[in-house]
Amino acid sequence: MRDNCSTPVNLYIQPTYITVIPDRIEHSNRSSEYLKSIVTCQHCSEPQFDLFSIYDYEKETYQSVCKECQTKYHLAHNLHVGLMSQKAKTRMRNAVNWLAAAATRKRVWQKSTNKSFYFKLSFITLTLPQHDTELSDQEFKSRVLHPFLIYAAKSWSLYNYVWKAEPQDNGNIHIHITTDIFIHHQKLRKAWNRQLSNLGLLDKFELKHGHRSPPSTEIKAVRSVKNLAGYISEYLVKDKKFKSTCSIYNCTDSTAQDKSNSDWYQDKKGTWWELKRAITGNIWYSSSNLSATNKLMYVADSADSSFWSTLTDNDALNYIDQKYYQVYYFSPKEWSRSITGKLRHLFNDHLAGIRHNWQKSPPLFHIID
DNA sequence: ATCTGGAAGGGCCTCTACGC
DNA sequence: GCGTAGAGGCCCTTCCAGAT
């Protein structure tokens, strides 16, 4: 638990956990003995106190470089191969959790049944009805998804959302969008099909079926799932790496296709799976309101007991001490149930920013000549 | 339709206790 | 002695969101 010495610590506040982490150790605090051992970075040739290793793909050797060169090199040679890293999963999970935490309960009245219901989030799936489209993933995102998002923002106030791109079994890209607004399923389908139609992506469908209204969209108004943010974020971050290639259970037929290449995988039961293709470009994105730069960080005084008591004396929080840093995990409900004081204020202020779309607010401070 | 600001992408770093 | 767990920070290039 917290000690009593008065030092500032960083608090990173998320809807389902709070991390307490100290400031990073400055090199200036190192001992004089340590400072004597100056070495040279093999990339920038600058003198350094510490060197780290990288694998140079061009020279096929390991090199000792400074921290800055190391991180630069990693990013310059970065490839996601269609799978989400652990870090990306964490980022997306937090974005969805912020979305769910900020979403207010909304009421929808259905004329035909004369009944109303409440909901908080919508889970939308957008697909391409044609299988043999020439559209690349980037073109799909810039020419179909982007105009659709602009239309949705203007028509339905779609400002808070998280999208994730996935490959379908037929190789097409499809998009899941989680958002806090209600969209009628017919309006959604009409708007999405209009974008597809503009690019001629319904022509082949029309030739086959005689109309231009394919079931290319799906929408679920999520009403009363327990821990719904957890459910949605877990669904989205789950790696859907493989597709089944045979409808027969436990298909072990290896003669149907050549499975000697690395695109095939056989599980312990002997079932063959075909690797899904990788999505090119970004796998997911969140609206700027929910992005990582809007994360909630607070510098707290470790000696302020009134501040810490809401964390340390709270049985509803699952405390994990990693020595270097501490994490308090909890259910999102604890924000209204047992987390009080300064922390609650910080959290509520952050939610208000997401709800009222702080990106669009006029600036409160101007500088003129 | 075009432009620009900013987000995604991932490996290694920080720390220490613990298990092998 | 080594590997592991967990969080965010660091870094630059590519590509997307949002404004115009």
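Only one entry in A:Gln326, A:Gln322 is free of Cβ contacts under 8 Å to residues at least 12 places away in the same chain and within 11 Å of DNA strand C (Cβ to nearest atom), namely A:Gln322. Highlighted here are the strands (runs of 3 or more DSSP E) found entirely within the stretch A:108-198 that include at least 3 residues which are of a type outside the set (Lys, Arg) and within 16 Å of DNA strand B (Cβ to nearest atom): A:161-167, A:173-179.
For beta carbons closer than 6 Å, sequence separation of 6+ or different chains, a first residue in the stretch A:278-292 that is at positive phi and a second that is within 6 Å of DNA strand B (Cβ to nearest atom) and not acidic (Asp, Glu), there are no qualifying pairs. Just checking, how many residues over the stretch A:320-355 are within 16 Å of DNA strand B (Cβ to nearest atom), open to solvent by less than 50 Å² (accessible area, probe 1.4 Å) and hydrophobic (A, V, I, L, M, F, W, C)? Qualifying residue count, the stretch A:320-355: 2.
Quick grid of which residues meet (1) of a type in the set (A, V, I, L, M); (2) open to solvent by 60 Å² or more (accessible area, probe 1.4 Å); (3) closer than 15 Å to A:Leu99 by Cβ:
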{"position": "A:Arg143", "(1), (2), (3)": "no, yes, no"}
{"position": "A:Tyr151", "(1), (2), (3)": "no, yes, no"}
{"position": "A:Lys154", "(1), (2), (3)": "no, yes, no"}
{"position": "A:Leu158", "(1), (2), (3)": "yes, no, yes"}
{"position": "A:Lys164", "(1), (2), (3)": "no, no, yes"}
{"position": "A:Gln168", "(1), (2), (3)": "no, no, no"}
{"position": "A:Gly171", "(1), (2), (3)": "no, no, no"}
{"position": "A:Ile181", "(1), (2), (3)": "yes, no, yes"}
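Among the residues making up the stretch A:82-120, a single one is free of Cβ contacts under 8 Å to residues at least 24 places away in the same chain and surrounded by 13 or more Cβ atoms within 10 Å (Cβ to Cβ): A:Thr90. Filter the stretch A:267-301 down to residues that are more than 22 Å from A:Ala100 (Cβ to Cβ), open to solvent by less than 20 Å² (accessible area, probe 1.4 Å) and modelled with pLDDT of 70 or more and give me whichever is nearest to DNA strand B (Cβ to nearest atom). The qualifying residue nearest to DNA strand B (Cβ to nearest atom) is A:Ile279.
The values are calculated or read from the model by the stated rules, or taken from the named source; none is laboratory data. Predicted model, so just to flag it, every value in this text is computed and none were measured. No Cβ is skipped: glycine too gets one built from the backbone with ideal geometry, and neighbour counts run over all protein chains shown. Protein only, heavy atoms only, side chains kept; ligands, DNA and RNA dropped before computing areas. Shrake-Rupley method; radii C 1.70, N 1.55, O 1.52, S 1.80 Å.
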